[in-house]
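J.: To start, I am sharing the structure in question, which I have written as structure tokens.
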Amino acid sequence: MEIIKSVKNDRVKTWQKLQTKKGRQASQTYLLDGWHLVQEAINHEGKLHALMGTTEQLAEHQEELPLGVPVFEITDEIAKKLSDLVTPQGIFAEVSLPKATREPQFIHDGAWLFLDGIQDPGNVGTMVRTADAAGFSGVVFGQGSVDPYSPKALRAMQGSQFHLVTTTGDLAKWTASFTQNGMNVYGTQLDPQAADVFTIPAETQFALIMGNEGQGMQSALAGMTTQNLYIPITGQAESLNVAVAAGVVMFSLKAR
């Protein structure tokens, strides 16, 4: 085990770059911050490149660390450099980004969430975690959606990226492929033709598109769906947060 004490160490500088999208894309890896997320990667076969922790954290989790993964002991000062939290836990892992190799024309089952221009990392992470809880097979991040591997999104996902497929893609292509495969694709949009989500029978094979927080779905996508849906609001609120709305619709549509 290598001990690193300087924040100017080259490895530390490389790990710091993983806090940015540019750095993640260059290395094709991202950084997990905190034992719960590290443990999810270990338990669900995440491709770990390195484990980094303070003396206390490595001692506490020594028996659970996987064999064959380089381990680095770091100082509290370095831990603060690697984290965007004020008081980091002090244990990290560098993990491979998933390979975006899924082709929609070959998918014939499962429930899928399509994210169209979702910009807030907290919303993205919450929706991935909710899709996991609802039993979805995967999440497709369309153009304009925020990077789901930013620190804030990762905290909101709570490791759910290891439980389902996550990929990027052209949502028009995905929507067309799903409908050609006989799968319903639902959008969420307030328009005269939209249907009350609670009137739609639950099923196991479909896709759900959630649109941008402010603008909703792209009009081109809205015109490609099987049916657009709305959530009836009986109180005084004008609208729901997109992540909350996604949770309501996912659990309503997904057959158990």
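Read-outs: derived from the displayed coordinates by stated rules, not from any lab. This structure is a prediction, so every number in the text was calculated from the model and none was measured. No Cβ is skipped: glycine too gets one built from the backbone with ideal geometry, and neighbour counts run over all protein chains shown.
J.: In debye, nearest 20, what is the charge dipole magnitude of the chain about its Cα centre with +1 on Lys and Arg Cβ and -1 on Asp and Glu Cβ, if you could check?
T.: 560
J.: Below 20 Å, Cα to Cα, which aspartates and glutamates can residue 22 reach? Residues fewer than 8 away in the same chain don't count.
T.: In chain and number order, the partners are 10, 33, 84, 94, 120, 147.
J.: Below 12 angstrom from the Cβ of residue 140, what's the summed charge of the other residues (Lys, Arg +1; Asp, Glu -1)?
T.: Value of the local net charge: -1.
J.: Along the charge dipole of the range 53-126, Cβ charges K/R +1 and D/E -1, which of 83, 65, 106 sits furthest on the positive end?
T.: Projecting each Cα onto the dipole axis, the largest value belongs to 106.
J.: Match the structure shown to one of the listed values (1) 27, 23, 20; (2) 38, 18, 16; (3) 37, 26, 17 of semi-axes √(5λ) of the Cα gyration tensor in Å, computed from it, and give that label.
T.: (2)
J.: Rounded to two decimals, what is the ratio between the C-alpha radius of gyration of the range 1-81 and 2.2 N^0.38 Å?
T.: This ratio for the range 1-81 stands at 1.06.
J.: Here's something else I'd like to know. Given springs between every Cα pair under 10 Å in a Gaussian network model of the chain, which of 138, 125, 110 has the largest fluctuation?
T.: 110
J.: With labels modelled as points extended 7 Å from the Cα through the Cβ direction, what inter-label distance (nm, one decimal) is found for residue 55 paired with residue 86?
T.: For residue 55 paired with residue 86, the spin-label model returns 2.7 nm.
J.: Whole Å is fine, so just give me how far the alpha carbon centre of the range 67-132 lies from that of the range 167-221.
T.: A separation of 25 Å, based on Cα centres.
J.: Quick one: Debye curve from the alpha-carbon atoms of the range 66-200 only, equal weights, vacuum; give me log10 I(q)/I(0) at q = 0.09, 0.15, 0.19, 0.20 Å⁻¹ to two decimals.
T.: -0.36, -0.84, -1.18, -1.27
J.: Treat every Asp and Glu Cβ in the range 104-253 as -1 and every Lys and Arg Cβ as +1, leave all other atoms uncharged, and give the resulting dipole magnitude about the Cα centre to the nearest 20 debye.
T.: For this selection, approximately 260 debye.
J.: I've got another one for you. Can you give the local net charge around residue 189? Use residues other than it whose beta-carbon is closer than 15 angstrom to its beta-carbon, Lys and Arg +1, Asp and Glu -1.
T.: Around residue 189, the charge tally is -4.
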